[in-house]
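Below you'll find the structure, written out as structure tokens, and then a few comments.
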Amino acid sequence: MLVEDLFYGAVAVAQRLEELRPDVLILVGAVPGGRPPGTVERRDYRPKPIRPAEIQRAVGDAVTGYVGIDLVLEVAAGLGALPRRAVAIEVEPARVTSSEQLSPEAVAALEHALVLVREELARAGPGSGAAPQRGGPPPSPGRASRPPTS
Amino acid sequence: MCFKNLPVEFDQNGAARLIGGIPDPYSVTVTRPEVAMTDADREEQIKRLSARNGHIKDLNMDPVTRVAGALAINVVADLDNGRYLDARSQATLFRGYEVILMGRDPRDAIFISSRACGVCGGVHAHASAYAIEMAMGLEVPPLGTVIRNMQEAAEMGYDNPLHLYLLAGPDYSEAVVRAVNPELWPKAKEWRCRGEAHHGFRTMADLMTALNPLTGALYREGLEFTRISREMFVILAGKYPHPQTVVPGGVSSTVSLQTLNEYHSKLGRIFDYAKRMLAVWDEIPEFFYACDERYKQVGARPMSLIDTGFWDDPHAYNSSYADCNDWGERRWSTPGVVIDGELVTTRLTDVNIGFEEFVEHSYYEQWAGDRYATDPRGDPISPYHPWNKQTLPKPSEKSWKDKYTWACAPRWDRNVVEAGAYARMFMTAMAQKQPANDFIQATGRSLKLNVPKGLTPEMDCEWHVPEVWNAFERNRGRAYHYVFSQLVGLASLLEAYKLFKQGERKVAAVPPDQLDKHIPKDERIGVGWWGAGRGYLAHHLVMDHGKIVNYQICTPSTINASPRDPWDQLGPYEEAVLNTPIIEDTSDPSKFTSIDMLRTIRSFDPCMPCTTHVHTGQGTVTREVNTCACGAD
């Protein structure tokens, strides 16, 4: 398992994923999404065909400074860098202004988010390669021993 | 005597003073530039034409895509006669880093102002450190300056190909050209490339296909090379964007010979790529000009540019305002101002005292009073100068006659000037003041660049001051700037090796944990003149009792996206759009894409987060991706 702060742009994240080739990607973040503050949401990324124009638009956003989980998913998928299994675990922030501390709502939600991360790791398999996606093919021999990455 | 509008003259020692006998000399009604056409004249012209021509269209491009952040362009187009009659540039969102920084420890500015932009991930941190160390009187050790130069050469190595291939490049790709300029495609297939030996494409059609988003070879290669440059930055600074190792008085990185060697190995890979880049961006203008001479007018505007200079001579830079004209002219790229094709000054004090910002057409209140009448040398500065400016946001309804943008209107000597990486080429080529070196030579009208061998042989190339200044030359200039910046990186690396050999290891004036003792309690001012991927960057700082009491960031895109000024002079985007002919087929107005205008705007490489120092409206970008929140699996 590798834990990284993916604070940088989505293209750079996609390039990092190409380098790591993880079996599972668990993205954890707090991007406002209109939910009640402190809400914890887990989302599975479901690949879909994306038109080149849409990917280019996402790449354009990414290289011009936008940072966000959905943008990472879109760009990494478009550039073929997303592992077969990608999960987003998000906390709805109460505020996004500069601060030295998290909001009380985010602090309260953090433990729940960590529980979800642990569940994902457990689902991925104990200390070795990720478990195959339900109904999907088993991990390839070359990647089966690689620990999941979050 | 560089000022033609401001009432400023110089004595025999080069000290500036106000011309006597002018009451309220900086008043916008007293000191006025010559203006060919007012807004009232322009409005009258449009009314007249509208009355007899049904093809006048009011178009709003909101947002302009493939630029950084929120930019809208409103144009009035005369499709019948193929020209734009009016243009207005709008920065549509605001966050205001100047407001956030008030009352903070000045060192916070390095980290907070860095977040003003997600594209320019290191330049604001550096500019901020320069401003603070000038105010604090810290002298950077030579190796600290060299490391900063290397970091910022790497950042340009990231920024320039990103724009050329990921943002502007698609405008010249097969996918776009076949859709919006189909008449060019047969010519592209016939066009035998002159630079095939360097870039590898036999015809222009092949080259255009390589520019296609995502699938094109040049697009993919651009992505890869931005990565190498980012890695070079990270080797030195630990992370990119928003490095934590830029400090007042130098850097806090631990630099070893291994660090330098790693940087060297990556830089060595860039030069072959750089040669290909020049050949590509030399080929594109030649093709378009040959197809239709009117392309020379796309994005055309007067050759009036400004730059602060970039990358210091480690043995000249001492952070002092009193000495800034000396160390400024020793920079790898010379500071200066070009007005109508003539270099009028290379002195940083002139660049500074001639600079003003106006808010007549911006969503800000005019501030009252001015803190300073002069700079630290005693040269006069305007009430509109950044050291006097206050950021007072005042959102209101959009009104073309009144306020319509979050960008303000920076002017130099009350002239409209443009910023860009390419401005460094103009100043450096014309001034011929660069330190002696093995790689770059200024001739007065050109810059000769000696690109070292990689897998391909050493190559001499030359950027010339262009005959016309337009969208194509901006892109060409940016490609040459890429090479220029990487040669500065190489020269700085060699200087770092030399300093290491001499036993130099010190990279900061003061260890960061001892900076507290050096923070002055009295009132101080400073300015960080630095460069961004898009050109001119200045941070003006006022501090008192150890806290920031005023902080003003002026970015290249603030200059370029500026609205009208108090005398109805158009901002650079607006001016360039107005001069752009509509070459696109307009026989079916419903299919009109405004590609000529878009090529114009994108050639400036707009960065709107920098312009208004915004993130996004609510800090949120909404997009739909296919995810499911229904639970595990």
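The values are calculated or read from the model by the stated rules, or taken from the named source; none is laboratory data. Since the structure is predicted, the reported quantities are computational estimates derived from the model, not experimental observations. Glycine gets a Cβ as well: all are built from the backbone with ideal geometry, and neighbour counts include every protein chain shown. Accessible surface areas use protein heavy atoms only, side chains included; no ligands, DNA or RNA. Shrake-Rupley method; radii C 1.70, N 1.55, O 1.52, S 1.80 Å.
Some values worked out for this structure:
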item	result
Candidate residues B:Met37, A:Met1, B:Met427: accessible-area rank, largest first, probe 1.4 Å	A:Met1, B:Met37, B:Met427
Spatial separation of Cα centroids for region B:372-434 and region B:584-607, in angstrom	28 Å
Highest to lowest packing among A:58-70, B:228-240, scored as the average C-beta count within 10 Å	A:58-70, B:228-240
Spacing of the two label points (7 Å from each Cα toward its C-beta) at B:Tyr497 and B:Gln258, in nm	1.9 nm
Dipole-positive endmost among B:Asn475, B:Cys461, B:Ala496 within region B:457-503 (Cβ charges, Cα centre)	B:Ala496
Region B:1-126, relative contact order [Cα under 8 Å, separation at least 6], %	12 percent
Average partner coverage of B:201-213, which counts Cβ from other chains inside 10 Å	1
Chain B: DSSP helices with Cα axial extent of at least 18 Å and average Kyte-Doolittle hydropathy no lower than 0.0	B:123-136, B:217-237
Per residue convex hull volume, Cα atoms of region B:232-274, in Å³	85 Å³
In nm, spacing of pseudo-spin labels at B:Lys521 and A:Val115 (7 Å Cα→C-beta vector)	5.3 nm
Rh (Kirkwood; distinct C-alpha pairs) - region B:341-419, Å	13.8 Å
FRET efficiency estimate (nearest 0.05) - Cβ-Cβ, B:Ile22 to B:Glu467, R0 41 angstrom	0.60
Helical mean residue ellipticity (222 nm; -39500 (n - 2.57) per DSSP H run of 4+; nearest 500) of chain B	-10500 deg cm²/dmol
Relative contact order of region B:159-249, pairs being alpha-carbon contacts under 8 Å that are 6 or more residues apart, as %	28 percent
Efficiency of FRET between B:Lys591 and B:Lys401 - r from beta-carbon atoms, R0 30 angstrom, step 0.05	0.40
Centroid-to-centroid separation of region B:451-520 and region B:222-238 [C-alpha atoms, Å]	14 Å
Cα gyration tensor of region B:1-113 - equivalent ellipsoid semi-axes, whole Å, descending	38, 29, 12
Computed accessible area, A:Leu25, all protein chains, 1.4 angstrom probe, square angstrom	0 Å²
Label-zone membership for region A:8-51, site A:Ala108, 7 angstrom Cα→C-beta point, backbone N under 13 Å	A:36-40
Per-selection metrics, the protein assembly as shown (Cα): Rg and Dmax in Å	26.2, 87
Average Cα contact separation per residue, chain B, under 8 Å, 6 or more apart, as relative contact order %	23 percent
